[in-house]
Amino acid sequence: MLYSQKFDTYICEDKRFSRSDLATKTVRADFTPQTRLSRKSAQEYPDGRFKNRPRLSSLQIEITGRCNERCVHCYIPRENKTGDISPGLFRETLEQSRDIGVLNLTLSGGEPMLHKNFCEFLEKATEYGFKISIFSNLTLINDKIVEALKKSNVKTLQASVYSLDAQIHDAITNLSGSLEKTIKNIKRLIDEQIPLFISCPIMKENKNSYIDVLKWAKSLGIGCAPTGLILSVSDFSLSNLRHRQSIDEALNLISSILENDEEAYKHGRFSPHSAHVNNFQEQFIDVYRHALAVNAGGNLIPAAAWNYVLGNLNENTLSDILENSSELKKLLNLTVEDFPKCKNCVSAKFCGMCLGANANDNSGDYLKIPDYVCELADKTRKLVHNWWTENNYFTKEG
């Protein structure tokens, strides 16, 4: 996602569908939304949509906290990069997820391929019929893993490429030779017809690298999208934010994307016809009803980057936590009224607000929106509006 959970319908790490992208809208001349933000709570919204039977459809399982890279922008505190999920807990989580109707399963870490049972986990997830995504740096690919991937139900294997300049990429990962290994294995997996997607988290160190990565990915027939909002460390230390782009650097990146990425400005987040803003809960909160994460210790959390414990699968079943977690209920009962800055915001479409980012930036206060996010959303809206106007693509409302 670029500055938002919805860039080109992609999220921090996973591809996401948005109904607003289906319909062509007439755009107001100032790029303001044409629908008012609903005052319904996030619980009321899905209850009505799914006839009182909302369900978890996606689950991310962090199978290990360990990683062979030490990326400078990582949201996981270094002291937490330890521990593996037990095979027993993994199997039980799969069974419970299947029983409640989960469709999409993401295997992540740390680096998931460090887990000694990675191939067995992949086989078991395929056996249960999940659509599988994997987040990996692809430096540890070997013959056994390739064979397991070929037999699996993997729909996307996502890897980060920060730059095609090894000096820049390897300085970010703190692993010498990492770019060479990742690119080598990307090409190998292409030959094996494994579906791939490239993410390119953007920070100060690689702020001029994305377009080259995008063009390279396209030359290989692989999808690619940037991640522009670096999430602060989940221990609230803010220690990695020195790598986050300034507002001006972020706007320069957006200008570059508008000039070079046709998908982004014709059909994605920067298309004037997708300037329509969804229900507030759908855009910012409802995701926590339908997509959650489990860390290697069994804690159920809203997202991998947000260590806000909803329950623990070593102590309660997944369905019990979904039904009875007081912390989850707090999230799902939030409305736009809990976010005064958002009530009349005209830049919501371009907003990178998410509760986990709020919490990590503000010592756990997920209701407090960082000024950085609001300023960037407002300036992004104006920049995109001006770009479309100057290029004679902008359609004024009659």
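The values are calculated or read from the model by the stated rules, or taken from the named source; none is laboratory data. The structure displayed is predicted, hence computed values, not measured ones. Neighbour counts run over all protein chains shown; Cβ positions are idealised from the backbone, glycine included. In case anyone asks, the SASA skips ligands and DNA or RNA and just uses the protein heavy atoms, side chains included. Shrake-Rupley method; radii C 1.70, N 1.55, O 1.52, S 1.80 Å.
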Cβ pairs under 9 Å, 6+ apart, first in the range 197-218 and among the polar types (S, T, N, Q), second in a strand (DSSP E or B) and open to solvent by 10 Å² or more (accessible area, probe 1.4 Å):
199/10; 199/135; 199/158; 199/160; 199/224; 199/227
Check residue 292 against each of (1) within 27 Å of residue 253 (Cα to Cα); (2) crowded, with 18+ Cβ neighbours inside 10 Å and name the one condition it does not meet.
(1)
Just to check your reading of the model, which residue among 337, 390, 323, 375 is open to solvent by 30 Å² or more (accessible area, probe 1.4 Å), of a type outside the set (S, T, N, Q) and in contact with a helix residue (DSSP H, G or I) (Cβ under 9 Å, 6 or more places away or on another chain)?
375
In the range 176-192, the residues that are out of contact with any helix residue (DSSP H, G or I) (no Cβ under 8 Å at 6 or more places or on another chain) and open to solvent by 50 Å² or more (accessible area, probe 1.4 Å):
181, 184, 187, 190, 191
Can you pull out every residue in the range 90-121 that is among the acidic types (Asp, Glu) and within 19 Å of residue 150 (Cα to Cα)?
120
Only one of (1) more than 26 Å from residue 203 (Cβ to Cβ); (2) open to solvent by 40 Å² or more (accessible area, probe 1.4 Å) fails for residue 115. Which number is that?
(2)
I'd like to verify a number: residues in the range 77-97 that are in a loop (DSSP other than H, G, I, E, B) and either acidic (Asp, Glu) or buried (at least 22 other Cβ atoms within 10 Å of the Cβ) (or both), how many?
1
Restricting to the range 140-197, name every residue that is of a type in the set (Asp, Glu) and more than 24 Å from the chain's Cα centre (by Cα).
143, 147, 165, 180, 191, 192
Can you tell me which residue within the range 98-141, out of those that are touching a Phe, Trp or Tyr at 6+ places or on another chain (Cβ under 6 Å) and not in a helix (DSSP H, G or I), is farthest from residue 318 (Cα to Cα)?
108
When the range 210-241 is examined, which residues are found to be of a type outside the set (A, V, I, L, M, F, W, C) and either modelled with pLDDT of 95 or more or surrounded by fewer than 18 Cβ atoms within 10 Å (Cβ to Cβ) (or both)?
212, 215, 218, 219, 221, 235, 237, 239
Within the range 136-150, residues open to solvent by 30 Å² or more (accessible area, probe 1.4 Å) and in contact with a helix residue (DSSP H, G or I) (Cβ under 7 Å, 6 or more places away or on another chain) come out as 140, 144
Taking residue 69 as the residue in question, decide whether it is farther than 24 Å from residue 314 by Cα, at pLDDT 95 or above and either of a type outside the set (Phe, Trp, Tyr) or part of a strand (DSSP E or B) (or both).
yes
Could you count how many residues in the range 277-324 are polar (S, T, N, Q), in contact with a strand residue (DSSP E or B) (Cβ under 7 Å, 6 or more places away or on another chain) and under 16 Å from residue 97 (Cβ atoms)?
3
Based on this model, can you work out whether residue 166 counts as farther than 24 Å from residue 221 by Cβ, touching an Asp or Glu at 6+ places or on another chain (Cβ under 9 Å) and either open to solvent by 50 Å² or more (accessible area, probe 1.4 Å) or among the aliphatic types (A, V, I, L, M) (or both)?
no
Pull out all pairs, ordered by first then second residue, where Cβ-Cβ is under 8 Å, the residues are six or more apart or on different chains, the first lies in the range 165-187 and is farther than 18 Å from residue 240 by Cβ, and the second is of a type outside the set (Phe, Trp, Tyr) and open to solvent by 100 Å² or more (accessible area, probe 1.4 Å).
166/180
Among the residues of the range 344-356, are any touching a strand residue (DSSP E or B) at 6+ places or on another chain (Cβ under 6 Å), surrounded by 20 or more Cβ atoms within 10 Å (Cβ to Cβ) and at pLDDT below 95?
yes
When you look at residue 249, is it over 28 Å from residue 270 (Cβ atoms) and surrounded by fewer than 19 Cβ atoms within 10 Å (Cβ to Cβ), yes or no?
no
Going through (1) over 20 Å from the mean Cα position of the chain (by Cα); (2) open to solvent by less than 10 Å² (accessible area, probe 1.4 Å) one by one, residue 200 fails only at (1)
All positions within the range 236-259 that are of a type in the set (Lys, Arg) and assigned to a loop (DSSP other than H, G, I, E, B)
244
Residue satisfying condition, being of a type in the set (Asp, Glu) and without any contact (Cβ under 8 Å) to a residue 24 or more places away in the chain, within set 338, 371, 361:
371
